[in-house]
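The values are calculated or read from the model by the stated rules, or taken from the named source; none is laboratory data. Here the structure is a predicted model, which is why all the values come from computation and not from measurement. Please note: Cβ atoms are built from the backbone with ideal geometry, for glycine as well, and neighbour counts cover all protein chains shown. Calculation scope for accessible area: heavy atoms of the full protein, side chains included, ligands and nucleic acids excluded. Shrake-Rupley method; radii C 1.70, N 1.55, O 1.52, S 1.80 Å.
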Amino acid sequence: RIANELNRELRGARIKKIIQPQKEEMLFTVNREKETKRLFISANASLPLIYLTDENRLAPASAPNFCMVLRKHIGSGIISDVVQIQNERVIKITVDHLDELGDPAKKFLYVEIMGKHSNLIFTDANDKIIDSIKHISALQSSVREVLPGREYFIPFQEGKLDPYMDSREDFSEAIRTQNTTLTGFLCGRYMGIAKLSATEIAYRAGLDADASTGILSGLDADAVLPPVTLAEAGSNAPTVSEMPVASGAARLYTALQEVLYAVALEREDSEIIMVDGVPKEYAPFHLHIYEDAESETYASVSKLLFAYYSERNKATNNKQRSGDVKKLMLTLIDRTKKKLALQEKQLSDTAKMDSYMLYGNLLTAYPYQVPAGVLSVELEDYNTGKPVKIPLDKDLSAIENATRYFDKYNKMKRTRDAVDEQIVTSREQLAHLESILANLEICDSDADLEMIRKELFEYGFVKKNPAGKKKRVEKSRPLHFVTADGFHIYVGKNNYQNDELTFKLATGNDWWFHAKQIPGSHVIVRTEGRKLPDDVFEIAAALAGYYSSGRSAEKLEIDYVEKKNIKRTPHTPPGFVIYYTNYSMTIHPALPEGVTAIE
């Protein structure tokens, strides 16, 4: 699909600029029919890519050797063809140019998207290597050297077939003779089919991807099967859903052809599958195995690849950026919980203090009833009339024992008063830390992370700013959504933003939403004098649930109330509020449909 797209978009384009922004990346700027396009290629082992992009990149101060070679040979060449080599992960770009004598010449640029073996190899018209972005010697690979002067060839996968060239008869014979899983059969037999595609093919055929090929017979003699070649297919190749009842083998073969045609003939849009707002999978066709999942479709594969990897990188980078802060947060929360547990134990130890006061009062009231040298005495409680057994120190008098109990009472009272205050403080600190941790889970930029660090520092959880030297970062802004009805919804990404949204942005009749009794974002819906439709209440509640610590729950209770009924909690950090006359609803936390995110 990407080869077809590049061929459509770049064929006939003249190369105007070549830069090598990073060690294993190239960016070609080309012009075609007065339109400028950019082709980005990465041979990085962890992220090999090729796609069209609107983004420009900065060139290094001095161009690397490979970049200089390309500029010398094809700096003003014309791209005449872009093709995929069979069903391998290799794209061949043909460039027409004039040689040193001014005669027409061709050069080839092979883009190998092969994981750790990815490379960008530049050859002459006879496939002799001129240079490559990675040089591979015989010491590094026993299969193929990639060095200037060597012949270029593709190390085809041993024993694998191009699925577009397989015949019905050979497929039927292989199904009968091989004993493996359906995914193992498809991945092992064909080039370019990985587990995701194989699972999708089996699913379309109504078969278990992990089932054995032993459950399948050969192809039905009378089954209506699709053509074997793309030329035969046209627009009339049947789909699995159109087939009459047929054997599992016939359905699997038809599902395979259906997916192959969907890719080559671009019958289905490319698709990204989203899980919890993060890209999980993508494919150049519709993934029926994720029918119930959130998805985004793209007519352009370049746009799909750019969206997928930029979002994945954002999530990965955010995780890496926030990793140290999250570790610190978890340590602080654990420490605060342990401190709170000790304080609560201290408080429970003071439960006997009222008994000690009673013992002291009774011993003072009835000293003449206490014999000398006894270990305990039973005296009547003058309030209830019930007998009370009092332990004694046999070496002390009744009044001395009473004094001892009064001292114990006073000591425990002082302890309880102090511990009561400490417990309140510890619980407030724990709630504050848990709210910051919930905020950390949704921060997606350096600016958001900087606000988290600032809050930790300003409220004394850390003695110095974990960020170290101050970095210039753009201002962190709340999330902003607009519904189909034109209602503006704002979501705070940290406690400072929550406070600002609730007490500065929102007016009295705006609506405020928050997950019930758990850390989460304040969600504000601006009414602007209008009455909120029911669906807007549901959208705002879903957002409040999604941007809370209860995001993974199946159901979550959300409180909502008009802003005029929200009050600041005295002497607490920003974002902590109190309210009484609220409504509640139960929702499934999710990013709702029917809203547009505003950057």
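Between MET68 and ASN126, the FRET efficiency estimated from the beta carbon spacing at R0 = 25 angstrom works out to 0.70.
Using the Cβ-Cβ distance between ARG32 and LYS531 with R0 set to 56 Å, the FRET efficiency from 1/(1 + (r/R0)^6) comes to roughly 0.60. Over 36 Å, how big is the tail of the calculated P(r) for the chain, in percent of all Cα pairs? Above the 36 Å cut-off, the chain has 60 percent of its Cα pairs. Report note on the peptides 131-140, 376-385, 268-277: ranked by the mean count of other C-beta atoms within 10 Å, highest first, their order is 268-277, 131-140, 376-385. Spin-label model, ILE85/THR425: points 7 Å from Cα along the beta carbon direction are separated by 7.1 nm. Packing around the peptides 25-32, 434-441, 149-156, 71-78, taken as the average count of other Cβ atoms within 10 Å per residue, puts them in this order, highest first: 434-441, 25-32, 71-78, 149-156.
Taking amide H positions as placed 1.01 Å from N in the peptide plane, with prolines and chain starts having none, which residues 5 or more places from MET274, or on another chain, fall under 5 Å of its amide H? Long-range HN contacts for MET274: LYS280, GLU294, SER295, GLU296.
Taking the helices alone, the chain has a mean residue ellipticity at 222 nm of -11500 deg cm²/dmol, built from -39,500 (n - 2.57) per DSSP H run of at least 4 residues and averaged over all its residues. For the chain, the relative contact order works out to 7 percent when only alpha carbon pairs closer than 8 Å and six or more residues apart are counted. One decimal place: the segment ASN44-GLU458 gains 144.9 nm when fully extended, by the rule 0.36 nm per residue minus the C-alpha distance.
Computed over the Cα atoms of region 66-105, pair by distinct pair, the Kirkwood hydrodynamic radius stands at 11.4 angstrom.
With Cα atoms defining each centre, region 321-359 and region 94-158 are spaced 66 Å apart in the structure.
How high is the relative contact order of region 112-186? Use alpha-carbon pairs under 8 Å, at least six apart in sequence, and give a whole percent. It rounds to 18 percent for region 112-186.
In this structure, the amide hydrogen of VAL388, modeled 1.01 Å from its nitrogen in the peptide plane, lies closer than 5 angstrom to those of LEU379, GLU380, ASP381, counting only residues at least 5 positions away or on a different chain.
Once the Cα atoms are used to define both axes, helix 65-74 deviates from the longest principal axis of the chain by about 40 degrees. Scattering from region 442-599 was approximated by placing one identical point on each alpha carbon and applying the Debye formula without solvent; log10 I(q)/I(0) at 0.15, 0.21 1/Å stands at -0.79, -1.41. Evaluated with a Cβ-only charge set (Lys, Arg +1; Asp, Glu -1), the chain carries a dipole of roughly 2780 debye about its Cα centre, given to the nearest 20. Tilt of helix 168-177 relative to the longest C-alpha principal axis of the chain, in degrees (0 to 90, nearest 10)? Roughly 50 degrees, rounded to the nearest 10. Accessible surface computed residue by residue for region 32-171, with neighbouring protein chains in place and a 1.4 Å probe, gives 54 Å² per residue. Protein heavy-atom surface of the chain, 1.4 angstrom probe: 50% of the accessible area is carbon and sulfur, with nucleic acids and ligands not counted.
Taking 0.36 nm per residue of separation and subtracting the Cα-Cα distance, full extension of the segment from GLU593 to GLN140 would add 158.0 nm.
Counting only alpha carbon atoms, the long axis of helix 534-546 and the longest principal axis of the chain meet at about 80°.
Measuring r between the beta carbons of ARG312 and SER348 and using R0 = 51 Å, the FRET efficiency lands at 0.55.
In order along region 112-119, the Karplus-derived 3J(HN,Hα) couplings, from 6.51 cos²θ - 1.76 cosθ + 1.60 at θ = phi - 60°, round to 9, 9, 9, x, 5, 9, 4, 7 Hz, and Gly and Pro are given as x. Sorting the segments 35-48, 108-121, 52-65 by their mean number of nearby beta carbons within 10 angstrom, highest to lowest, gives 108-121, 35-48, 52-65. Kirkwood analysis of region 400-518, using all unique Cα-Cα pairs, places the hydrodynamic radius at 17.9 Å.
Could you please report the charge total around ASP276, scoring K, R as +1 and D, E as -1 over all other residues with beta-carbon less than 11 angstrom from its beta-carbon? Its environment carries a net charge of 0.
Net length available on complete extension from GLU380 to ILE215 is 50.6 nm, with 0.36 nm assigned per residue and the Cα-Cα distance removed. Taking each of LYS531/LYS563; LYS72/LYS106; LYS327/LYS475; LYS327/LYS516; LYS386/LYS408 in turn, the alpha-carbon distance tops 21 angstrom for LYS327/LYS475; LYS327/LYS516; LYS386/LYS408.
Excluding LYS516 itself, calculate the net charge of residues whose Cβ lies under 9 Å from the Cβ of LYS516, where each Lys or Arg counts +1 and each Asp or Glu counts -1. Local net charge: -2. Kirkwood's formula applied to the C-alpha pairs of region 25-99 gives a hydrodynamic radius of 14.0 angstrom.
Rg and Dmax of region 371-450, based on Cα coordinates, read 25.5, 77 Å.
Each Lys or Arg adds one and each Asp or Glu subtracts one; over the other residues with Cβ under 13 Å from the Cβ of ASN65, this totals +3.
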